[in-house]
Every structure is written in C-alpha cells, then in structure tokens.
Amino acid sequence: MKIRKSNQISEVLKVGLLTIPLCLAVVAAPQAFAQDEAQEGEEFVSNDSQDLDEMLRKIEAEDDGDDDVPVKIKKPKVHSKLMTTYGAKQALRWKINKVAFIDAYVDEGIGAQGNPYKTPTSKAAGGVSANYLWQGFTLSGSIDLKRNYSGTYDDWDGVLDRTFSLGAARKISLSKQWSVTPSLKQTRLISDKQTKELRKTDLVLPFSYALDKLWTVKALTLAYSTQTFTNREFDQTDRTRTISSGLAYKWSEKSSLEVSVSKEQRYSNQSSAEYSKTSVMPKYDYKFSPTSSVGIGIGYETHANSTEKFSRWILVPKLQLRWDL
C-alpha cells in the first residue's frame, strides 16, 4: 500500500512539473497575439564536453550592451513585424588538460541588433576565452572585439567595441532530480563611441528538474543585471530583472527541443531606457558532430517602452562549428 501511494504521489508531481511551463505559455501567448491584433499590423570532469558547455552558455547569455543605448526618436516606427537574426560562430578549442581549455572564435550575425526602431544591422566579432574547472567551479574570462555594419555587411559604422569579462559558475545538485547552476559575470565595455561604454554585472540562478533521461523541466530561472554607462552627459544606470520557465526534451542523442517563456523588465534612472518584454520561444537543435550544431528558434514577443507598445515574430537560425586541437 505504501509503495502504491508513493508511486501515485510521484506521478502527480511529474505531471504537475510538466504542466508549469505549458500553462505559462498558454497564458502568455494569447496576450501577445491580442496586442498584435490590436496594433494591426557537469559530474564536471567526466562530463566536461556537455555540462561545462551548457554552463558557459548561461554565463554568456547577455550581449555587450549595444541594444541598451536609448534611441531618441519623436515618433518611433517599428521597421518589421518579423525580427530575424542569423548567427554563425566558429571556434578552435585547445584543451590544455581535463579541467582547462582556451577557445579562439569568430562570430557573425545578420540582424544582430534586436532594436525594432533601427534598421537591421550585421556584426563581425572575434575573441579569445579561457575556462578553468576549480573545485567544482567553472571560472572563465574573455576578450571580444566587435564591429557593426549597416544592412548585410554594408558600411562599417567606424566603431570598434572591446569587451572584457570575467565569470564564475557552479552546478549544485539539490537532490537526484533537482539542480541549480548559479553564475556571476562582470563585464567592461570600451568603445570608440564613448557613450556606449559601460560596466555591467549579471547574476543568473536557474533551477532545473530532471524528470527522466529525456525530459528536463527548466522550472525557474531568475536573472538580474545592472549596468552603468560611464561616459554620458547624464548618468544612466539600468537594472534588468528576468524570470523564465521552460521544458526541454532530448529527442535523440543528436537532437533536442526546448520551449521557454520569459518576462523581462528594465528599470532605469532615464525613462527612455525602460521597457517590459514577454516572449515565448520554441527552439530545435541538431548536433551533426560532437562539437558542432545547427538550430532554429521561432518565437513571439511583446514589447512596451515609454513611447510605444508592439508585438512581433522572432526567427533565429544559428550555426555553431567547433574544432578541437
């Protein structure tokens, strides 16, 4: 009798956890479509190649501040109801030993800036990142150089951005199913355009629940970032809070599907920089080699700031290639 009751409780918990992100998606999606209609319009060493890469992606989740510069337009106009960002990243990895490696990479993107009040742009970036496993922690540091172009690699805007970052993360097992991977990242952006220069701190706290070998519930992810622009006539400090949930399914050894729902809110001492954003994003990834993958995300986003509210579709194809030396 006790065994049967325990199994029933386990099944109820499993079903409940599965429905959390799905319920959030059901609630968020109708609101997004309604706005659109209204506007017409790792263990660490043994799993180094998997868990460590996932952790590093979480540390690198935030961009370097390009989209955080307020755009002063009297009557803003959304350029497109569909935002498409094509990304391709190639990297060479030098494995020093089982707990340390260095990546040299180049990263290209078309439509890389998500600001709907700007025409699509392209970016070309390159850099070096170093990563080290120390007593369960993943320590990382990187130097990144980036140039932005108008349109599809048309005219360079004449600005070189240099980003320096340090990060730390650790995967903590709370039980056989529950885990949390807190990460902290400190960023310094130096640019030829001095008004873009900033200092930024990111803190991410993701809780995950492994239902079985195939299903993982990204039960709750809390993120907080603060950034201060260091060369502006008027002091500006932004604080961004993000809460998200999702569900991941390992389709096969090579492919996976993930659905996420997120709510992002930015507060600032400059009202023109404040916004609120809600998004629903299913994405599919396929690994055609142990170190390389191709994927696509198709989502929907609602966005509100001090001047306008809008909604749009998001299409994000990506390609990642890596060669180990």
Name, by its number, the condition in (1) of a type outside the set (Val, Ile, Thr); (2) within 21 Å of the chain's Cα centre (by Cα); (3) modelled with pLDDT of 95 or more that does not hold for Phe101.
(2)
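Residue by residue, here is whether (1) of a type in the set (S, T, N, Q); (2) surrounded by 14 or more Cβ atoms within 10 Å (Cβ to Cβ); (3) in contact with a Gly (Cβ under 9 Å, 6 or more places away or on another chain) holds:
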{"residue": "Gln90", "(1), (2), (3)": "yes, yes, no"}
{"residue": "Pro120", "(1), (2), (3)": "no, yes, yes"}
{"residue": "Gly126", "(1), (2), (3)": "no, yes, no"}
{"residue": "Asn148", "(1), (2), (3)": "yes, yes, no"}
{"residue": "Gly158", "(1), (2), (3)": "no, no, no"}
{"residue": "Arg170", "(1), (2), (3)": "no, yes, yes"}
{"residue": "Ser179", "(1), (2), (3)": "yes, yes, no"}
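Considering only the stretch 239-306, give the strands (runs of 3 or more DSSP E) lying wholly within it that have at least 2 residues that are in contact with a Leu (Cβ under 9 Å, 6 or more places away or on another chain) and either modelled with pLDDT under 95 or under 25 Å from Trp323 (Cα atoms) (or both).
275-289, 292-305
Step by step: first the residues of the stretch 133-164, then only those that are aromatic (Phe, Trp, Tyr) and touching a strand residue (DSSP E or B) at 6+ places or on another chain (Cβ under 8 Å), then the one that is farthest from Phe229 (Cα to Cα). Which residue is that?
The first filter runs over the stretch 133-164 and keeps only residues aromatic (Phe, Trp, Tyr), leaving 134, 137, 149, 153, 156, 164.
Restricting the remaining residues to those that are touching a strand residue (DSSP E or B) at 6+ places or on another chain (Cβ under 8 Å) gives 137, 149, 153, 156, 164.
Numbers: Phe137: 30, Tyr149: 23, Tyr153: 27, Trp156: 23, Phe164: 15 Å.
By that ranking, first place goes to Phe137.
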Determine if the stretch 267-274 includes at least one residue that is surrounded by fewer than 19 Cβ atoms within 10 Å (Cβ to Cβ), of a type in the set (A, V, I, L, M) and in contact with a Lys or Arg (Cβ under 9 Å, 6 or more places away or on another chain).
no
Which condition number does Thr152 fail, the rest of (1) modelled with pLDDT of 95 or more; (2) touching a Ser or Thr at 6+ places or on another chain (Cβ under 7 Å) being met?
(1)
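The values are calculated or read from the model by the stated rules, or taken from the named source; none is laboratory data. None of these values were measured; they are calculated from a predicted model. For neighbour counting, all protein chains shown are included, and Cβ atoms are generated from backbone atoms with ideal geometry for every residue, glycine included.
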